[in-house]
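Okay, structure first, notes after.
The values are calculated or read from the model by the stated rules, or taken from the named source; none is laboratory data. All values derive from a computational prediction rather than experimental measurement. Cβ: placed from backbone, ideal geometry, glycine included. Neighbour counts: every protein chain shown. Remember, those area values only see protein heavy atoms, side chains included, never the ligands or the DNA or RNA. Shrake-Rupley method; radii C 1.70, N 1.55, O 1.52, S 1.80 Å.
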Amino acid sequence: RVKEHGRNGIAFYRPDMLNAVRARLSTENALRKALEGNEFELYYQAQVDSDGPIVGVEALLRWHRPEHGMVSPGEFIPIAEESGLILPIGDWVLHSACAALARWRSAPGGVCDLSLSVNVSPRQFFQPDFVERVHTYLEEYDLPGDKLELEITEGVLLDDITEARCKMQQLAEYGLRFALDDFGTGYSSLRYLQQLPISTLKIDQSFVSDLNKEGDHSAIVLTIMSVAQHLDLKVVAEGVETPEQAGLLDELGCHVHQGYRYSKPADEATFLALCNTRNASRTVV
Ligand code: C2E
Ligand code: MG
Ligand code: MG
Ligand code: MG
């Protein structure tokens, strides 16, 4: 944030603040050109059932920023949100995700009949024509809506629950499903889970990484599993890195895992190759 203005309307900055402001501005300017420059790419990370097959996949945005290499979304999504650039960028993500799904479905052998999860930011979700956009892309690629899952955060629900419910219900009519991302880190009430068409809870990776620390850290995961069971929701554990974590999650009844233990987010070709090897033994019935 910009510092309070001085007596003559002149703002005073410390040099490190000035540098931070400069870096931010330059990121924002570079982001403005990134779409035209074709600098974005979707990576894909598998969601794996603990006894083997890939059961889902999440699209994760990557930015190949010239002279900076690959920049992680954590660094630019917040800037895109604040500047409004998230609207065209988010739209590109949705469109590209639908295009990818269509490619996979028409590939010989029907590579993956997986459903694809796409992260949607609050500002993108609340744009007035969001539902129409999603519908347009489904039509363009002739996709059944149930192949697409939108990952939203609790922030979306807190912003405007009435509007959120209305949009989610419209999208649910097209078959879309919703996952609540980073679950357990926000403040959403259990009532939301009951009133909204949410089908999946994603246990935040912070709870997963606590699991193999000293002491018993299973309480939160157990609580989420119990809520999910009562409300008939699927659960995906995020950030599963070790066999120990995977084992503990299994013991706690959580069998769908996403994390480096199974695969890092990868470009499309790498992801499809993984699908083929991993599910190969199962395709032949
Ligand atoms: P998220 O949706 O919670 O995605 C999970 C993040 O955890 C991803 O980071 C993923 O690469 C990382 N991850 C997966 N497995 C592991 C693991 O085993 N260990 C660790 N330490 N990390 C793991 P990523 O790709 O950097 O994305 C960060 C966040 O940026 C995402 O969190 C999501 O909130 C946001 N994001 C990514 N792509 C998009 C997008 O297309 N649109 C929007 N609006 N946000 C996006
Ligand atoms: Mg996500
Ligand atoms: Mg998450
Ligand atoms: Mg996260």
Original post:
Contour minus end-to-end for Ala219 and Met70, with contour as 0.36 nm per residue of separation and end-to-end as the Cα-Cα distance?
Top reply: 50.0 nm
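When ranked by the protection proxy of mean other Cβ atoms within 10 Å per residue, highest first, what sequence do the peptides 201-211, 223-233, 57-67, 18-28 form?
Highest mean packing first, the order is 201-211, 57-67, 223-233, 18-28.
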Original post:
Just the accessible area for Tyr192, please: 1.4 Å probe, Å², rounded to the nearest 10?
Top reply: 40 Å²
**OP:** Compute the label zone of Ala23 within region 73-89: residues whose backbone N is under 15 Å from the point 7 Å along Cα-to-Cβ.
**Re:** 73-79
Subject >> Point-to-point label distance, Leu87-Ser50, nm (Cα→Cβ direction, 7 Å offset) >> reply: 4.5 nm
Original post:
Of Ile198, Ser115, Ser96, which is farthest on the positive side of the dipole of the chain, counting Cα position, with +1 on Lys and Arg Cβ, -1 on Asp and Glu Cβ, and the Cα centre as origin?
Top reply: Ser96
Original post:
Taking amide H positions as placed 1.01 Å from N in the peptide plane, with prolines and chain starts having none, which residues 5 or more places from Phe178, or on another chain, fall under 5 Å of its amide H?
Top reply: Leu150, Ser199, Thr200
Subject >> Dipole of region 197-285, positive end: most advanced residue of Ala246, Val221, Val256 [Cβ charges, Cα centre] >> reply: Val256
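Starting from the Cα gyration tensor of the chain, multiply each eigenvalue by 5, take the square root, and state the resulting semi-axes largest first in whole Å.
Largest first, the chain gives 32, 24, 21 Å.
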Subject >> Fully extended contour minus Cα-Cα distance, from Thr185 to Glu244, at 0.36 nm per residue >> reply: 19.0 nm
Subject >> For region 245-258, 3J(HN,Hα) per residue [Karplus equation, 6.51 cos²θ - 1.76 cosθ + 1.60, θ = phi - 60°, Hz, x = Gly/Pro] >> reply: 4, 4, x, 4, 4, 4, 4, 7, x, 9, 10, 9, 10, 10
Subject >> Percentage relative contact order, the chain, counting C-alpha pairs under 8 Å, at least six apart >> reply: 18 percent
Original post:
Put a dot 7 Å past each Cα toward the Cβ at Asp210 and Arg278; how far apart are the dots in nm?
Top reply: 2.7 nm
Subject >> Per-residue HN-Hα couplings for region 33-45 [Karplus 6.51, -1.76, 1.60; θ = phi - 60°; Hz; x = Gly/Pro] >> reply: 9, 5, 5, 4, x, 6, 8, 9, 8, 8, 9, 10, 10
Subject >> Under 19 Å between alpha carbons - lysine pairs in the chain that sit 8 or more apart or on different chains >> reply: 5
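Could you sort Arg103, Arg14 by accessible area so the largest value comes first, with the probe set to 1.4 Å?
Result, largest first: Arg14, Arg103.
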Original post:
Placing +1 at every Lys and Arg Cβ and -1 at every Asp and Glu Cβ, with all other atoms neutral, what dipole size does the chain have around its Cα centre, in debye to the nearest 20?
Top reply: 620 debye
